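Remarks on the structure that follows.
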Amino acid sequence: MRVTVYNCREFDEKELFERFGRELNIELVLCPDAPDQENAALAKGSECIDIITSKMTEDLLRVFADYGVKYVTTRTIGYDHVDVKAAKALGMTVANAPYGPCGVADYAVMLILMTIRKMKRILERTNIQDYTLKGIQGRELKDLTVGVIGTGRIGRTVLKDLSGFGCRLIAYDLYENEDVKAQGVHYVTLEEMWQQADVITLHAPLTDENHHMINKETISKMKDGVMIVNTARGGLIDSEALISGIESGKIGGAGLDVVENEFGLYYYDRKSDILNNRELAILRGFPNVTVSHHMAFYTDECVETVVRDSLLGCRYFVEGKENPWEVR
């Protein structure tokens, strides 16, 4: 069997693909670029393609389907960048490659701590040998209520990690988890979340229903000085509303690993380019906002897991075996 891999990074993924390709007896075509209509021909003769967070629109999927591709796997947990409905209509199966929750959970806790302790401002001052204290007084987690939106594997791990800090923990999810309740964490409504949380951290998948769940109206209901952390999907937050909330002081700070309209930015060197994302430029400029480039997942364990499991999924699909990663 043959698999065409797009967005293959030379410095960390290539060696793993070559190793697992040999172990699984899979012929690989490795392409460093994102899939597009020009390089889609590389997939001719491959039933499966392996991608990351590139937009897979109906038009692009149709091109791949015409080349005989029947299976699209993304080396990510989220798959909102793939038009799943269109893929199914074209007779294509979509799959993801979930990784362990600890890497993202660690990163979310780090951003929470950095945000409440004003670490961006501290580091910027230290870099210019400004050792003054005015304006960088932080807060302690034990005095705060932290709200976790989304209690899947990552959200539950964040709750477990935060339990040692002595903060009050509340959670929201469409489907309440008994293990979370057993930890003494109280589920609340979103209205209660906005009213009670000093820190809100997002761990929900992006859907049509929760797009811009944090917006002008919901921000107005939050506590003054609320801090927001997002390691999930940028579309959960209305960027314009977030900017307005920061400018007014309603939002005391933010830690963002994801932003809206990030496709085409990550993971490329764009330092000499003029970017068509004003919101990102504004957010980066605030002294109380930390922005990183969708890399909370990025650990040695994660990279190995997604490479291996994305190829295993291809093998299972071709062999007609039960596939735990198939998007239903």
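A few comments on the model shown:
- Here the peptides 267-275, 216-224 are ranked by packing, the mean other Cβ count within 10 Å, and the order with the highest first is 216-224, 267-275.
- Cα-based radius of gyration of the range 15-92 once divided by 2.2 N^0.38 Å, which approximates compact folds: 1.07
- Electrostatic dipole magnitude of the range 1-154 [Cβ: Lys, Arg +1; Asp, Glu -1; Cα centre; debye, to 20]: 760
- Carbon + sulfur, % of accessible area of the range 239-328 - ligands and nucleic acids excluded, 1.4 Å: 48
- Just checking the listed ones, Leu123, Leu30, Leu280: in the Gaussian network model of the chain with Cα springs under 10 Å, the one fluctuating most is Leu123.
- Coupling constants for the range 289-300 follow from the phi torsions by the Karplus curve (6.51 cos²θ - 1.76 cosθ + 1.60, θ = phi - 60°), and in residue order they are 10, 9, 10, 10, 9, 6, 9, 4, 6, 7, 10, 4 Hz; glycine and proline get x.
- Average projected area [Cα convex hull, the range 58-121], square nanometres: 6.2
- Qualifying lysines (Cα of each under 18 Å from Cα of Lys142; at least 8 residues distant if same chain): Lys118, Lys160, Lys223
- Separation between Cα centres of the range 15-43 and the range 310-324, rounded to whole Å: 16
- Cross-link partners of Lys88 among lysines (Cα-Cα below 19 Å; sequence separation of 8 or more within a chain): Lys55, Lys70, Lys321
- Taken about its Cα centre, the chain carries a charge dipole of roughly 720 debye when the Cβ of each Lys and Arg holds +1 and the Cβ of each Asp and Glu holds -1.
- At a probe radius of 1.4 angstrom, the accessible area of the chain per residue rounds to 50 square angstrom.
- Accessible surface of the range 1-82 [probe 1.4 Å, protein heavy atoms]: carbon and sulfur percent: 46
- Gaussian network model of the chain, springs between alpha carbon atoms under 10 Å - residue of Gly184, Gly234, Gly255 with greatest fluctuation: Gly184
- Placing unit charges on each Cβ (+1 for Lys and Arg, -1 for Asp and Glu) gives the chain a dipole about its Cα centre, and among Leu256, Val226, Val303 the Cα reaching farthest toward its positive end belongs to Val226.
- Radius of gyration and Dmax over the Cα atoms of the range 229-315, both given in Å: 15.6, 53
- Partner aspartates and glutamates for Lys221 [C-alpha distance under 18 Å; skip if fewer than 8 residues away on the same chain]: Glu191, Glu192, Asp198, Asp238, Glu240, Glu247
- For the chain, built as a Gaussian network whose Cα springs stay under 10 Å, the top-fluctuating residue of Gly166, Gly78, Gly313: Gly166
- Separation of alpha-carbon centers, the range 183-229 and the range 123-174, rounded to whole Å: 14
- Whether the range 184-328 is rounded, prolate or oblate, judged on the alpha carbon gyration tensor where a/c under 1.5 counts as rounded: oblate
- Cys residues of the chain that find no other Cys beta carbon under 4.7 Å: Cys8, Cys31, Cys102, Cys167, Cys302.
- Extension gain, Tyr267 back to Lys44 (0.36 nm per residue minus Cα-Cα distance, nm): 77.7 nm
The values are calculated or read from the model by the stated rules, or taken from the named source; none is laboratory data. Remember, it's a predicted structure, so these values are computed and weren't measured experimentally. Glycine also receives a Cβ, built like all others from the backbone with ideal geometry; neighbour counts cover every protein chain displayed. Note: areas computed on protein heavy atoms with side chains; ligands, DNA, RNA excluded. Shrake-Rupley method; radii C 1.70, N 1.55, O 1.52, S 1.80 Å.
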